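Asker: Here it is, the structure in full.
The values are calculated or read from the model by the stated rules, or taken from the named source; none is laboratory data. It should be emphasised that the depicted structure is a prediction, and the values quoted were computed from it without experimental measurement. Counting neighbours? That spans all protein chains shown, and the Cβs are built from the backbone with ideal geometry, glycine included.
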Amino acid sequence: MTKITVRASRAYDVCIGKGLLSRAGELAKEVLSPCRALILTDDHVAPLYADALAASLADAGFVPEIYTVPHGEGSKSLSTLGALLEHMAERRYTRADALFALGGGVVGDLGGFCASVYLRGIPFVQIPTTLLACVDSSVGGKTAINLDAGKNLAGAFYQPCLVVCDLDTLSTLPPKVFADGCAEVIKYGVINDRTLFSMLQQDTCPADERIIARCVQDKRDIVERDERDTGVRMLLNLGHTVAHATEKLSGFEISHGSAVAMGMVTIMRASVAHGLCPASDLDALIALIQKLGLPAECPYSTAEIAVAALSDKKRSADTLTLVLPYGIGACQLCVLPADKLQAFLEAR
Ligand code: NAD
Ligand code: GLY
(Lines give C-alpha, C1' and ligand atoms only; values in the text may rest on other atoms or scores of the structure.)
(Ligands and ions follow the chains in the order given, each with its own letter.)
Protein backbone atom coordinates (compact mmCIF):
# COMPACT_ATOMS: atom_id res chain seq x y z
CA MET A 1 0.00 0.00 0.00
CA THR A 2 1.16 3.52 -0.80
CA LYS A 3 0.25 6.23 1.70
CA ILE A 4 0.38 9.89 0.68
CA THR A 5 -0.31 12.63 3.21
CA VAL A 6 -2.10 15.76 2.04
CA ARG A 7 -1.46 18.78 4.27
CA ALA A 8 -4.31 21.12 3.42
CA SER A 9 -6.54 22.97 5.95
CA ARG A 10 -6.98 19.44 7.30
CA ALA A 11 -4.20 16.85 6.97
CA TYR A 12 -5.21 13.40 5.78
CA ASP A 13 -3.83 10.26 4.21
CA VAL A 14 -4.63 8.89 0.78
CA CYS A 15 -4.16 5.10 0.95
CA ILE A 16 -3.68 3.43 -2.43
CA GLY A 17 -3.43 -0.32 -3.04
CA LYS A 18 -5.18 -3.58 -3.74
CA GLY A 19 -7.60 -5.20 -1.31
CA LEU A 20 -8.12 -2.03 0.71
CA LEU A 21 -11.91 -2.21 0.84
CA SER A 22 -11.65 -5.02 3.37
CA ARG A 23 -9.21 -2.90 5.39
CA ALA A 24 -11.27 0.30 5.19
CA GLY A 25 -12.63 -0.14 8.74
CA GLU A 26 -9.18 -0.63 10.23
CA LEU A 27 -7.85 2.41 8.29
CA ALA A 28 -10.83 4.56 9.28
CA LYS A 29 -10.33 3.62 12.93
CA GLU A 30 -6.93 5.31 12.82
CA VAL A 31 -8.62 8.68 12.26
CA LEU A 32 -12.16 8.23 13.61
CA SER A 33 -13.59 6.80 16.80
CA PRO A 34 -16.04 4.04 15.96
CA CYS A 35 -19.37 5.73 15.18
CA ARG A 36 -22.36 5.44 12.90
CA ALA A 37 -21.15 5.37 9.31
CA LEU A 38 -23.47 6.40 6.50
CA ILE A 39 -22.19 4.76 3.29
CA LEU A 40 -23.34 6.89 0.36
CA THR A 41 -23.11 5.04 -2.93
CA ASP A 42 -24.87 4.66 -6.27
CA ASP A 43 -26.94 1.83 -7.74
CA HIS A 44 -24.07 0.53 -9.92
CA VAL A 45 -21.51 0.47 -7.14
CA ALA A 46 -23.77 -0.68 -4.29
CA PRO A 47 -24.23 -4.30 -5.47
CA LEU A 48 -20.52 -4.61 -6.18
CA TYR A 49 -18.87 -3.10 -3.11
CA ALA A 50 -21.23 -1.69 -0.48
CA ASP A 51 -21.59 -4.91 1.55
CA ALA A 52 -17.82 -5.44 1.64
CA LEU A 53 -17.29 -1.90 2.92
CA ALA A 54 -20.10 -2.25 5.46
CA ALA A 55 -18.63 -5.53 6.73
CA SER A 56 -15.18 -4.03 7.08
CA LEU A 57 -16.57 -1.03 8.99
CA ALA A 58 -18.69 -3.26 11.24
CA ASP A 59 -15.66 -5.45 12.02
CA ALA A 60 -13.84 -2.32 13.17
CA GLY A 61 -16.70 -1.30 15.47
CA PHE A 62 -18.54 1.18 13.23
CA VAL A 63 -22.31 0.95 12.74
CA PRO A 64 -22.81 1.14 8.96
CA GLU A 65 -25.90 2.02 6.97
CA ILE A 66 -26.00 1.99 3.16
CA TYR A 67 -27.76 4.85 1.33
CA THR A 68 -28.01 4.41 -2.45
CA VAL A 69 -28.68 7.10 -5.06
CA PRO A 70 -29.22 6.57 -8.81
CA HIS A 71 -25.96 6.53 -10.78
CA GLY A 72 -25.05 9.48 -12.95
CA GLU A 73 -24.66 13.23 -12.91
CA GLY A 74 -28.38 13.70 -12.16
CA SER A 75 -27.71 12.73 -8.55
CA LYS A 76 -25.54 15.81 -8.02
CA SER A 77 -28.77 17.75 -7.49
CA LEU A 78 -30.49 19.83 -4.84
CA SER A 79 -33.29 17.25 -4.60
CA THR A 80 -30.92 14.32 -4.01
CA LEU A 81 -28.94 16.37 -1.50
CA GLY A 82 -32.15 17.42 0.24
CA ALA A 83 -33.39 13.85 0.55
CA LEU A 84 -30.01 12.72 1.89
CA LEU A 85 -29.88 15.49 4.49
CA GLU A 86 -33.45 14.76 5.60
CA HIS A 87 -32.60 11.07 5.90
CA MET A 88 -29.62 11.84 8.11
CA ALA A 89 -31.64 14.20 10.28
CA GLU A 90 -34.52 11.69 10.63
CA ARG A 91 -32.03 9.00 11.62
CA ARG A 92 -30.45 11.44 14.09
CA TYR A 93 -26.92 11.27 12.77
CA THR A 94 -24.74 13.49 14.95
CA ARG A 95 -21.49 15.37 14.49
CA ALA A 96 -19.72 12.38 16.01
CA ASP A 97 -20.86 10.25 13.05
CA ALA A 98 -19.29 10.05 9.59
CA LEU A 99 -20.22 9.89 5.92
CA PHE A 100 -18.37 7.47 3.64
CA ALA A 101 -18.64 8.24 -0.09
CA LEU A 102 -18.22 4.97 -2.01
CA GLY A 103 -18.19 5.53 -5.75
CA GLY A 104 -17.04 7.83 -8.52
CA GLY A 105 -16.83 11.59 -8.65
CA VAL A 106 -20.60 12.00 -8.53
CA VAL A 107 -20.97 10.26 -5.18
CA GLY A 108 -17.78 11.91 -3.87
CA ASP A 109 -18.89 15.43 -4.81
CA LEU A 110 -22.42 14.92 -3.47
CA GLY A 111 -21.24 13.17 -0.31
CA GLY A 112 -18.54 15.73 0.41
CA PHE A 113 -20.95 18.64 0.04
CA CYS A 114 -23.54 16.88 2.20
CA ALA A 115 -20.92 16.23 4.90
CA SER A 116 -19.84 19.88 4.76
CA VAL A 117 -23.34 21.24 5.44
CA TYR A 118 -24.95 18.58 7.64
CA LEU A 119 -24.78 19.98 11.21
CA ARG A 120 -22.25 22.47 9.76
CA GLY A 121 -19.82 19.68 9.02
CA ILE A 122 -19.30 16.04 9.91
CA PRO A 123 -16.30 13.78 9.18
CA PHE A 124 -16.12 12.47 5.66
CA VAL A 125 -14.18 9.59 4.06
CA GLN A 126 -13.68 9.18 0.32
CA ILE A 127 -13.63 5.64 -1.10
CA PRO A 128 -13.16 6.29 -4.83
CA THR A 129 -14.09 3.52 -7.27
CA THR A 130 -13.45 5.17 -10.65
CA LEU A 131 -10.05 6.03 -12.08
CA LEU A 132 -11.07 9.69 -12.26
CA ALA A 133 -12.12 9.70 -8.62
CA CYS A 134 -8.90 7.97 -7.53
CA VAL A 135 -6.59 10.45 -9.26
CA ASP A 136 -8.62 13.63 -9.05
CA SER A 137 -12.00 14.16 -7.40
CA SER A 138 -11.37 12.31 -4.11
CA VAL A 139 -8.31 14.45 -3.34
CA GLY A 140 -8.24 18.18 -2.71
CA GLY A 141 -11.57 18.92 -1.09
CA LYS A 142 -13.67 20.30 -3.93
CA THR A 143 -17.28 19.22 -3.36
CA ALA A 144 -20.36 20.34 -5.24
CA ILE A 145 -23.77 19.75 -6.70
CA ASN A 146 -25.18 21.13 -9.95
CA LEU A 147 -27.86 23.79 -10.31
CA ASP A 148 -30.19 24.31 -13.27
CA ALA A 149 -27.90 27.15 -14.32
CA GLY A 150 -24.84 24.93 -14.58
CA LYS A 151 -22.45 22.34 -13.19
CA ASN A 152 -20.87 22.56 -9.74
CA LEU A 153 -22.47 25.93 -8.99
CA ALA A 154 -23.16 25.11 -5.32
CA GLY A 155 -20.38 23.58 -3.30
CA ALA A 156 -17.71 23.92 -0.67
CA PHE A 157 -14.05 23.31 -0.12
CA TYR A 158 -14.24 20.50 2.42
CA GLN A 159 -11.37 18.09 2.87
CA PRO A 160 -12.00 14.42 3.73
CA CYS A 161 -10.34 12.94 6.80
CA LEU A 162 -9.20 9.88 4.82
CA VAL A 163 -9.15 8.60 1.24
CA VAL A 164 -9.07 4.82 0.64
CA CYS A 165 -8.42 3.90 -2.95
CA ASP A 166 -8.82 0.15 -3.54
CA LEU A 167 -7.38 -0.55 -6.98
CA ASP A 168 -9.31 -3.84 -7.22
CA THR A 169 -12.53 -1.85 -7.65
CA LEU A 170 -11.26 -0.43 -10.94
CA SER A 171 -11.46 -3.90 -12.54
CA THR A 172 -15.25 -3.65 -12.88
CA LEU A 173 -15.30 -0.25 -14.59
CA PRO A 174 -16.95 -0.09 -18.01
CA PRO A 175 -14.15 0.55 -20.57
CA LYS A 176 -15.52 3.98 -21.44
CA VAL A 177 -15.54 5.11 -17.82
CA PHE A 178 -12.00 3.79 -17.43
CA ALA A 179 -10.89 5.69 -20.57
CA ASP A 180 -12.44 8.89 -19.19
CA GLY A 181 -10.20 8.57 -16.15
CA CYS A 182 -7.19 8.05 -18.42
CA ALA A 183 -7.66 11.59 -19.74
CA GLU A 184 -7.15 12.96 -16.23
CA VAL A 185 -4.10 10.75 -15.72
CA ILE A 186 -2.54 12.03 -18.96
CA LYS A 187 -3.41 15.56 -17.81
CA TYR A 188 -0.99 15.33 -14.86
CA GLY A 189 1.76 14.21 -17.20
CA VAL A 190 1.22 17.19 -19.48
CA ILE A 191 0.90 19.70 -16.63
CA ASN A 192 4.15 18.98 -14.84
CA ASP A 193 5.13 15.31 -14.81
CA ARG A 194 7.08 14.22 -17.85
CA THR A 195 8.13 11.02 -16.05
CA LEU A 196 4.49 10.03 -15.62
CA PHE A 197 3.88 10.76 -19.29
CA SER A 198 6.85 8.53 -20.24
CA MET A 199 5.60 5.70 -18.01
CA LEU A 200 2.27 5.80 -19.85
CA GLN A 201 4.07 5.87 -23.20
CA GLN A 202 5.96 2.77 -22.06
CA ASP A 203 2.67 0.95 -21.47
CA THR A 204 2.42 1.18 -17.69
CA CYS A 205 -1.29 0.69 -17.01
CA PRO A 206 -3.02 3.93 -15.89
CA ALA A 207 -4.52 1.92 -13.01
CA ASP A 208 -1.09 0.81 -11.79
CA GLU A 209 -0.44 1.78 -8.16
CA ARG A 210 2.69 3.74 -9.15
CA ILE A 211 0.76 5.79 -11.71
CA ILE A 212 -2.13 6.56 -9.37
CA ALA A 213 0.27 7.45 -6.57
CA ARG A 214 2.16 9.86 -8.87
CA CYS A 215 -1.11 11.54 -9.90
CA VAL A 216 -2.17 11.91 -6.27
CA GLN A 217 1.27 13.32 -5.36
CA ASP A 218 1.07 15.75 -8.28
CA LYS A 219 -2.39 16.90 -7.19
CA ARG A 220 -1.33 17.03 -3.53
CA ASP A 221 1.62 19.28 -4.39
CA ILE A 222 -0.67 21.72 -6.18
CA VAL A 223 -3.49 21.65 -3.60
CA GLU A 224 -1.06 22.28 -0.74
CA ARG A 225 0.10 25.45 -2.49
CA ASP A 226 -3.37 26.70 -3.45
CA GLU A 227 -6.21 24.92 -1.67
CA ARG A 228 -8.83 27.57 -2.56
CA ASP A 229 -8.12 27.57 -6.29
CA THR A 230 -7.04 31.17 -6.73
CA GLY A 231 -3.74 30.49 -8.50
CA VAL A 232 -1.62 27.48 -9.26
CA ARG A 233 -4.52 25.02 -8.73
CA MET A 234 -5.99 26.36 -11.96
CA LEU A 235 -3.28 24.34 -13.74
CA LEU A 236 -5.53 21.34 -13.08
CA ASN A 237 -7.95 22.87 -15.57
CA LEU A 238 -5.66 22.01 -18.49
CA GLY A 239 -7.87 21.41 -21.53
CA HIS A 240 -11.02 22.21 -19.54
CA THR A 241 -12.01 25.50 -21.24
CA VAL A 242 -12.39 23.65 -24.53
CA ALA A 243 -13.67 20.51 -22.76
CA HIS A 244 -16.56 22.22 -20.98
CA ALA A 245 -17.55 23.97 -24.21
CA THR A 246 -17.37 20.67 -26.12
CA GLU A 247 -19.49 18.82 -23.55
CA LYS A 248 -22.08 21.60 -23.68
CA LEU A 249 -22.14 21.76 -27.50
CA SER A 250 -22.65 17.99 -27.68
CA GLY A 251 -25.59 18.14 -25.27
CA PHE A 252 -23.34 16.11 -22.92
CA GLU A 253 -23.20 13.22 -25.43
CA ILE A 254 -19.40 13.59 -25.43
CA SER A 255 -18.11 12.41 -22.07
CA HIS A 256 -15.97 14.62 -19.84
CA GLY A 257 -12.85 12.49 -20.32
CA SER A 258 -13.18 12.52 -24.10
CA ALA A 259 -13.72 16.27 -24.02
CA VAL A 260 -10.65 16.79 -21.81
CA ALA A 261 -8.56 14.75 -24.25
CA MET A 262 -9.80 16.90 -27.16
CA GLY A 263 -9.29 20.04 -25.09
CA MET A 264 -5.67 19.19 -24.29
CA VAL A 265 -4.95 18.59 -27.97
CA THR A 266 -6.71 21.79 -29.05
CA ILE A 267 -4.81 23.96 -26.59
CA MET A 268 -1.47 22.31 -27.26
CA ARG A 269 -2.01 22.70 -31.01
CA ALA A 270 -2.61 26.43 -30.48
CA SER A 271 0.49 26.57 -28.31
CA VAL A 272 2.55 24.94 -31.08
CA ALA A 273 1.10 27.37 -33.64
CA HIS A 274 2.15 30.31 -31.46
CA GLY A 275 5.67 28.91 -31.31
CA LEU A 276 5.44 28.13 -27.60
CA CYS A 277 5.57 24.32 -27.67
CA PRO A 278 7.48 21.78 -29.79
CA ALA A 279 5.34 20.08 -32.45
CA SER A 280 6.86 16.71 -31.48
CA ASP A 281 5.20 17.03 -28.04
CA LEU A 282 1.82 17.51 -29.72
CA ASP A 283 2.42 14.35 -31.76
CA ALA A 284 3.34 12.47 -28.58
CA LEU A 285 0.19 13.70 -26.82
CA ILE A 286 -2.08 12.68 -29.69
CA ALA A 287 -0.44 9.24 -29.87
CA LEU A 288 -0.87 8.62 -26.13
CA ILE A 289 -4.47 9.83 -26.10
CA GLN A 290 -5.35 7.49 -28.96
CA LYS A 291 -3.46 4.58 -27.41
CA LEU A 292 -5.57 4.92 -24.27
CA GLY A 293 -8.81 4.79 -26.26
CA LEU A 294 -9.68 8.47 -26.29
CA PRO A 295 -10.49 10.81 -29.18
CA ALA A 296 -8.01 13.56 -29.99
CA GLU A 297 -9.90 15.80 -32.41
CA CYS A 298 -12.68 18.13 -31.31
CA PRO A 299 -15.62 18.04 -33.76
CA TYR A 300 -16.52 21.73 -33.24
CA SER A 301 -15.09 24.86 -34.85
CA THR A 302 -13.04 27.30 -32.81
CA ALA A 303 -15.86 29.84 -33.26
CA GLU A 304 -18.37 27.41 -31.71
CA ILE A 305 -15.96 26.57 -28.90
CA ALA A 306 -15.27 30.23 -28.14
CA VAL A 307 -18.97 31.16 -27.98
CA ALA A 308 -19.76 28.19 -25.72
CA ALA A 309 -16.72 28.79 -23.50
CA LEU A 310 -17.49 32.46 -23.02
CA SER A 311 -21.09 31.76 -22.00
CA ASP A 312 -19.86 29.69 -19.03
CA LYS A 313 -21.93 30.75 -16.01
CA LYS A 314 -18.92 30.64 -13.70
CA ARG A 315 -16.98 33.15 -15.82
CA SER A 316 -17.33 36.75 -14.74
CA ALA A 317 -14.36 38.87 -15.86
CA ASP A 318 -13.42 40.05 -19.33
CA THR A 319 -10.45 37.74 -19.18
CA LEU A 320 -9.99 34.02 -18.89
CA THR A 321 -7.13 32.01 -17.50
CA LEU A 322 -5.82 29.45 -19.95
CA VAL A 323 -3.43 26.63 -19.11
CA LEU A 324 -0.79 26.74 -21.82
CA PRO A 325 1.53 23.83 -22.53
CA TYR A 326 5.11 24.86 -23.28
CA GLY A 327 5.87 21.16 -23.70
CA ILE A 328 4.97 17.87 -22.04
CA GLY A 329 5.36 18.46 -18.30
CA ALA A 330 5.66 22.22 -18.65
CA CYS A 331 2.36 24.11 -18.40
CA GLN A 332 1.85 27.69 -17.28
CA LEU A 333 -1.17 29.87 -16.59
CA CYS A 334 -1.86 32.64 -19.06
CA VAL A 335 -4.50 35.37 -18.73
CA LEU A 336 -6.13 36.14 -22.06
CA PRO A 337 -8.72 38.81 -22.94
CA ALA A 338 -11.93 36.84 -23.49
CA ASP A 339 -12.46 38.30 -26.96
CA LYS A 340 -9.07 36.91 -28.06
CA LEU A 341 -9.92 33.28 -27.31
CA GLN A 342 -11.15 32.37 -30.78
CA ALA A 343 -8.18 33.98 -32.54
CA PHE A 344 -5.80 32.29 -30.11
CA LEU A 345 -7.27 28.84 -30.76
CA GLU A 346 -7.49 29.44 -34.51
CA ALA A 347 -3.79 30.09 -35.06
CA ARG A 348 -2.28 27.44 -37.32
P1 NAD B 1 -19.41 8.76 -11.95
O2 NAD B 1 -19.27 8.97 -10.51
O3 NAD B 1 -20.70 9.14 -12.60
O4 NAD B 1 -19.06 7.25 -12.30
C5 NAD B 1 -19.15 6.83 -13.64
C6 NAD B 1 -19.98 5.56 -13.77
O7 NAD B 1 -19.22 4.47 -13.29
C8 NAD B 1 -21.28 5.58 -12.96
O9 NAD B 1 -22.29 4.96 -13.70
C10 NAD B 1 -20.94 4.73 -11.74
O11 NAD B 1 -22.06 4.09 -11.20
C12 NAD B 1 -19.99 3.72 -12.34
N13 NAD B 1 -19.01 3.14 -11.43
C14 NAD B 1 -18.29 3.76 -10.49
N15 NAD B 1 -17.39 2.92 -9.96
C16 NAD B 1 -17.56 1.74 -10.56
C17 NAD B 1 -16.90 0.48 -10.46
N18 NAD B 1 -15.85 0.32 -9.67
N19 NAD B 1 -17.34 -0.53 -11.23
C20 NAD B 1 -18.39 -0.34 -12.09
N21 NAD B 1 -19.02 0.81 -12.26
C22 NAD B 1 -18.61 1.85 -11.50
O23 NAD B 1 -18.29 9.56 -12.78
P24 NAD B 1 -16.78 9.96 -12.50
O25 NAD B 1 -16.17 10.10 -13.83
O26 NAD B 1 -16.14 9.12 -11.47
O27 NAD B 1 -16.93 11.41 -11.86
C28 NAD B 1 -17.47 12.48 -12.58
C29 NAD B 1 -17.88 13.55 -11.60
O30 NAD B 1 -16.73 13.96 -10.88
C31 NAD B 1 -18.46 14.79 -12.26
O32 NAD B 1 -19.63 15.16 -11.58
C33 NAD B 1 -17.38 15.85 -12.06
O34 NAD B 1 -17.92 17.15 -11.96
C35 NAD B 1 -16.74 15.39 -10.78
N36 NAD B 1 -15.34 15.81 -10.59
C37 NAD B 1 -15.03 16.38 -9.42
C38 NAD B 1 -13.72 16.78 -9.19
C39 NAD B 1 -13.36 17.37 -7.85
O40 NAD B 1 -12.23 17.83 -7.69
N41 NAD B 1 -14.25 17.34 -6.89
C42 NAD B 1 -12.74 16.57 -10.15
C43 NAD B 1 -13.10 15.98 -11.35
C44 NAD B 1 -14.42 15.60 -11.57
N1 GLY C 1 -10.22 18.84 -10.50
C2 GLY C 1 -9.70 20.15 -10.38
C3 GLY C 1 -9.37 20.54 -9.00
O4 GLY C 1 -9.47 19.76 -8.09
O5 GLY C 1 -9.00 21.67 -8.79
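Asker: Looking only at the stretch 197-207, count every residue that is within 20 Å of Leu132 (Cβ to Cβ) and free of Cβ contacts under 8 Å to residues at least 40 places away in the same chain and tell me the total.
Answerer: Qualifying residue count for the region: 3.
Asker: So how many residues does the stretch 157-170 have that are in a loop (DSSP other than H, G, I, E, B) and either at positive phi or in contact with a Ser or Thr (Cβ under 9 Å, 6 or more places away or on another chain) (or both)?
Answerer: Matching residues across the stretch 157-170 total 3.
Asker: May I pose another question? What number of residues within the stretch 16-66 satisfy the criterion of being under 23 Å from the mean Cα position of the chain (by Cα), in a loop (DSSP other than H, G, I, E, B) and surrounded by 15 or more Cβ atoms within 10 Å (Cβ to Cβ)?
Answerer: Residues that pass the stated criteria total 3.
Asker: Is the stretch 231-247 home to any residue that is more than 14 Å from ligand 2 (Cβ to nearest atom) and out of contact with any Cys (no Cβ under 7 Å at 6 or more places or on another chain)?
Answerer: yes
Asker: Is one or more of the residues making up the stretch 149-158 of a type in the set (Phe, Trp, Tyr), more than 16 Å from ligand 2 (Cβ to nearest atom) and surrounded by fewer than 24 Cβ atoms within 10 Å (Cβ to Cβ)?
Answerer: no
Asker: Separate question: Quick check: is even one residue across the stretch 241-249 closer than 29 Å to Met199 by Cβ, surrounded by fewer than 22 Cβ atoms within 10 Å (Cβ to Cβ) and among the β-branched types (Val, Ile, Thr)?
Answerer: No.
Asker: Also: Would you call Leu40 in contact (Cβ under 8 Å) with a residue 12 or more places away in the chain, away from ligand 1 (no atom under 12 Å from the Cβ) and in contact with a helix residue (DSSP H, G or I) (Cβ under 8 Å, 6 or more places away or on another chain)?
Answerer: Here the answer is no, as Leu40 does not meet what is asked.
Asker: If only one of Ala179, Ala156, Ala133, Ala149 is within 19 Å of Val14 (Cβ to Cβ) and among the aliphatic types (A, V, I, L, M), which one is it?
Answerer: The conditions single out Ala133.
Asker: Gln217 is checked against (1) within 16 Å of ligand 2 (Cβ to nearest atom); (2) free of Cβ contacts under 8 Å to residues at least 60 places away in the same chain and fails just one. What number does that condition carry?
Answerer: For Gln217, the failing item is (2).
Asker: Return the residues of the stretch 316-348 that are buried (at least 17 other Cβ atoms within 10 Å of the Cβ) and modelled with pLDDT under 95; say none if nothing qualifies.
Answerer: Leu320, Leu322, Leu341, Gln342, Phe344, Leu345
Asker: Sticking with this structure for a sec: Checking Lys219 against (1) surrounded by 20 or more Cβ atoms within 10 Å (Cβ to Cβ); (2) closer than 19 Å to Leu292 by Cα, only one condition comes out false. Which one?
Answerer: All conditions pass for Lys219, except number (2).
Asker: Would you check if Phe113 is at pLDDT 95 or above and within 17 Å of Tyr12 (Cβ to Cβ)?
Answerer: Considered against the rule, which asks whether it is at pLDDT 95 or above and within 17 Å of Tyr12 (Cβ to Cβ), Phe113 comes out as no.
Asker: Quick one: which helices (runs of 4 or more DSSP H) lie wholly within the stretch 171-237 and hold at least 1 residues that are within 12 Å of ligand 1 (Cβ to nearest atom) and touching a Pro at 6+ places or on another chain (Cβ under 7 Å)?
Answerer: By residue number, 175-192.
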